[in-house]
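Colleague: Have a look at this one.
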Amino acid sequence: MFTLSPESRLTDLLEANREWAQDMSREHPQLFPTNGRGQQPHTLLISCSDSRYNENCFGVLPGEVFTWKSIANICRPEDLATCATLEFAIDVLGVSRVVLCGHTDCGGVNSCVRGQMPQLERNCPHLAEHLNDVVETSKQYASELADARDPARLLCIRNAEKQYVRLTQNKTVSRALAEGRIQVYALLYNVDTGLVEKLASTE
Ligand SMILES: [Zn+2]
């Protein structure tokens, strides 16, 4: 079912790429000539680095969506890469929407719910530090999570909502929102159906 595997060699990647580019050109003859003249994406997508989803879940083509991925879709207010991405996408490229899309079965979120943090702190200290943000969220919603039928899914939702609120408070985003240049959405991608659901929106 998958194109490549752990055993794939560089020649396999190059061959797979050639086939992909040929197929794309056949289906969309103007795509690469258009993209060769520059990009004008309409959307900034912020999502988790998880391999199971990306902007393709909206059926888009290369050139439509500017993307920023981080483990557990965390965007700390002070994070340089997040702030730089927002400035470039909104103020330079002029996207008309920012989409924060979390997902179900998030490994980063799961490790907080399943008590795997001590092990992570020993073996992957940077990852553990990165996920501290989700640990804080899990503490904030401890009682709601304790009562939940599916606490991992609930924490994925609360985490995405938290990042959405942070985004709307970012200087670049809030200015563009006030000027009516963008909308901001918080979505949840279901890895077992491919379907996206709405969590929050400025629209
Ligand atoms: Zn994830």
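Colleague: So if I restrict to the alpha-carbon atoms in the chain, what is the Rg, and what is Dmax, the biggest pairwise distance, in Å?
Modeller: 18.7, 55
Colleague: While we're here: What is the percent carbon and sulfur in the accessible area of the chain, measuring with a 1.4 Å probe over the protein chains and ignoring ligands?
Modeller: Exposed carbon and sulfur together represent 52 percent of the surface.
Colleague: Taking every DSSP beta bridge with both residues inside segment 39-201, roughly what % is antiparallel (nearest 5)?
Modeller: The answer is about 25 percent antiparallel.
Colleague: Would you mind working out the accessible area per residue for segment 87-203, using a 1.4 Å probe, and quoting it in Å²?
Modeller: Accessible area per residue, segment 87-203: 52 Å².
Colleague: Given the DSSP H assignment, sum -39500 (n - 2.57) over each helix run of at least 4 residues in the chain and divide by its residue total; what's the result at 222 nm in deg cm²/dmol, nearest 500?
Modeller: Here the helix-only value at 222 nm equals -13500 deg cm²/dmol.
Colleague: So how do 133-140, 156-163 stack up, highest first, on mean other-Cβ count within 10 Å?
Modeller: Put in order of decreasing packing, that is 156-163, 133-140.
Colleague: Separate question: Counting only other residues whose beta carbon sits under 13 Å from that of ARG175, what net charge do I get with K and R as +1, D and E as -1?
Modeller: Local charge sum for ARG175: -1.
Colleague: Follow-up question, since we're still on this one. Compute the distance from the alpha-carbon center of segment 60-128 to that of segment 1-37, in whole Å.
Modeller: That distance is 26 Å.
Colleague: Under 5 Å between amide H atoms, partner at least 5 residues away or on a different chain: which partners does HIS103 have, H built in plane at 1.01 Å?
Modeller: TYR189
Colleague: Restricting to Cα pairs below 8 Å that are 6+ residues apart, what does the relative contact order work out to for the chain? Please round to a whole percent.
Modeller: About 21 percent, as a whole number.
Colleague: Over segment 1-55, with the other protein chains present, what is the accessible area per residue in square angstrom, probe 1.4 angstrom?
Modeller: 77
Colleague: Pairing the Cα long axis of helix 125-140 with the longest principal axis of the chain, what angle in degrees results, from 0 to 90 and rounded to the nearest 10?
Modeller: In the chain, helix 125-140 runs at an angle near 60 degrees to the longest axis.
The values are calculated or read from the model by the stated rules, or taken from the named source; none is laboratory data. Just so we're clear, the structure is a prediction, and the values are computed from it rather than from any experiment. As a convention, Cβ positions derive from the backbone with ideal geometry for all residues, glycine included, and neighbour counts pool all protein chains shown. Just the protein is used for accessible areas: all its heavy atoms, side chains included, with ligands, DNA and RNA removed. Shrake-Rupley method; radii C 1.70, N 1.55, O 1.52, S 1.80 Å.
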